[in-house]
Amino acid sequence: MPYPTIVERSGSESATGFAVEPSFGQATAATTFLPMMSNGMEYDPGWFSPALMMNIRDKQVFNLQGEAKNIGSVEGPLFPSNAIPLLVAAIGTDAVTGSGPYVHTLSQANALASLTVEKNIGGYQSLQFAGCRVGKLSVKAPTGNEPVTITADLSGQSVAILASPTSVSITNELPWVFSEAAFTLGGGARADVTNVTLDIDNELKETYSYSGNHGPSFITPVTLHVSGTVDVVWSSLNASTYGDFSTMLNQAEGALSLSFTHPGGSGYSAAFSLPQVVLSKYGNDLKQADVVMSSFTFEASRPLTGGSQYTIQAVVTNGVASAYTG
């Protein structure tokens with residue numbers, strides 16, 4: 001057998017691009033790229049064969065196509081401007097103020113923007129997923145030699161092949177790391193934190209209809225659930241600032257904030273504000289050859305009264321003058 005004549009492609013030449021769509025499902029060329037760690041977006045044609053009895057043992061006879069899905073996760077570092085439309089699409093609207101740096105206030109909305117996601121494969125061809133909405137977006141900020149990361153679970157309406165990938169353009173900037181993070185809970189600054197995971201879950205609902213297509217006609221963010229986990233160096237069960245067990249025991253409500261700020265002149269930052277959280281789970285990790293650690297889970301809710309009528313809000317400061325809208 002002769003050697004294959006195909007041209008192999010390097011995974012390092014791959015890329016992931018995003019664009020906010022002017023209307024749901026309208027494929028749009030990528031305008032921003034995320035230097036990614038992984039892109040698991042895939043197409044499932046919805047193939048099935050009904051199990052029927054017809055005097056033969058063969059289980060699969062009729063090849064049919066039902067509900068097609070375009071789903072997967074994209075993971076990469078959190079940058080000041082690269083792929084920030086992912087955050088907007090997970091939360092709601094973007095209002096810009098300032099004259100450089102620019103402040104983007106991301107506020108909750110019932111209707112979320114849709115994205116076109118381009119999965120550039122080896123720099124040779126791309127899969128262009130249109131009508132994508134962000135289901136769950138997780139921000140993870142561990143200590144160690146790794147950046148703050150975001151993971152977006154995406155669901156799309158359709159997919160097409162691009163023979164020539166969109167030219168990749170990466171903004172020259174650095175992602176954040178743990179030393180640039182600040183965390184407060186109930187008004188107290190927490191320097192004992194070693195890891196935070198913040199989950200924004202829009203709990204997407206795909207609805208299929210008689211559209212003549214196999215993809216979903218609607219991908220709807222039906223609810224909003226915000227929660228997360230925090231790991232800390234344990235010091236007390238009931239201290240005023242660090243007594244997380246007592247906070248959980250008393251079901252004390254308080255505000256939570258998580259922010260990342262580059263030092264120096266740029267002032268680029270990303271801040272997440274949750275005006276009302278409670279602790280729903282607490283535990284201590286006891287190991288002979290380690291310091292005592294504890295972890296807790298928080299659940300966010302929308303206050304019934306007051307000026308902060310939202311579950312989550314984010315503010316991103318970067319060098320982009322225009323709002324992230326289609």
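The rows are residues; the columns are (1) in contact (Cβ under 8 Å) with a residue 40 or more places away in the chain; (2) of a type in the set (S, T, N, Q).
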| residue | (1), (2) |
| --- | --- |
| V20 | yes, no |
| A27 | yes, no |
| S38 | no, yes |
| M54 | no, no |
| R57 | no, no |
| A68 | yes, no |
(message) Looking at T197, T220, can you tell me which residue is among the hydroxyl-bearing types (S, T, Y), part of a strand (DSSP E or B), in contact with a Lys or Arg (Cβ under 7 Å, 6 or more places away or on another chain) and open to solvent by less than 50 Å² (accessible area, probe 1.4 Å)?
(response) T197
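Among the residues of segment 236-266, what is the count of those that are assigned to a loop (DSSP other than H, G, I, E, B) and open to solvent by less than 30 Å² (accessible area, probe 1.4 Å)? Quick ask: steps written out before the conclusion?
Filtering segment 236-266 for residues assigned to a loop (DSSP other than H, G, I, E, B) gives 236-243, 250-253, 262-266.
Still in the running and open to solvent by less than 30 Å² (accessible area, probe 1.4 Å): 236, 243, 262.
Adding up the residues that qualify gives 3.
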(message) Based on this model, can you work out whether G72 counts as modelled with pLDDT of 95 or more and open to solvent by 10 Å² or more (accessible area, probe 1.4 Å)?
(response) yes
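Within the bounds of segment 138-145, is there any residue that is in contact with a Lys or Arg (Cβ under 9 Å, 6 or more places away or on another chain) and part of a strand (DSSP E or B)? Outline the logic, then answer.
Filtering segment 138-145 for residues in contact with a Lys or Arg (Cβ under 9 Å, 6 or more places away or on another chain) gives none.
No, segment 138-145 has no match at all.
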(request) Return the pairs, sorted by first residue and then second, in which the second residue is outside any strand (DSSP E or B) and open to solvent by 50 Å² or more (accessible area, probe 1.4 Å), the first residue lies in segment 139-160 and is within 19 Å of S295 (Cβ to Cβ), the beta carbons are less than 6 Å apart, and the residues are 6+ apart or on different chains. (result) A141/F178; T143/F178
(message) As an exercise: evaluate S322 against (1) touching a residue at least 40 places away in the same chain (Cβ under 8 Å); (2) outside any loop (DSSP other than H, G, I, E, B); (3) within 26 Å of T93 (Cα to Cα) and give the number of the one condition it does not meet.
(response) (2)
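In this structure, is G228 within 26 Å of K136 (Cβ to Cβ), part of a loop (DSSP other than H, G, I, E, B) and open to solvent by less than 20 Å² (accessible area, probe 1.4 Å)?
Working: within 26 Å of K136 (Cβ to Cβ): yes; part of a loop (DSSP other than H, G, I, E, B): no; open to solvent by less than 20 Å² (accessible area, probe 1.4 Å): yes.
For G228, the condition - within 26 Å of K136 (Cβ to Cβ), part of a loop (DSSP other than H, G, I, E, B) and open to solvent by less than 20 Å² (accessible area, probe 1.4 Å) - is not met.
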(request) Would you mind stating whether S81 is outside any strand (DSSP E or B) and without any contact (Cβ under 8 Å) to a residue 60 or more places away in the chain? (result) no
(request) Restrict the check to segment 85-99 and report whether at least one residue is part of a strand (DSSP E or B), touching a strand residue (DSSP E or B) at 6+ places or on another chain (Cβ under 9 Å), open to solvent by less than 50 Å² (accessible area, probe 1.4 Å) and farther than 30 Å from H262 by Cβ. (result) no
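The values are calculated or read from the model by the stated rules, or taken from the named source; none is laboratory data. Values in this document were obtained by computation on a predicted structure and should not be read as measured data. With ideal geometry, Cβ positions are generated from the backbone for all residues, glycine too; neighbour counts draw on all protein chains shown. Each accessible area value is taken on the protein alone, full model and side chains, heavy atoms only, with ligands, DNA and RNA left out. Shrake-Rupley method; radii C 1.70, N 1.55, O 1.52, S 1.80 Å.
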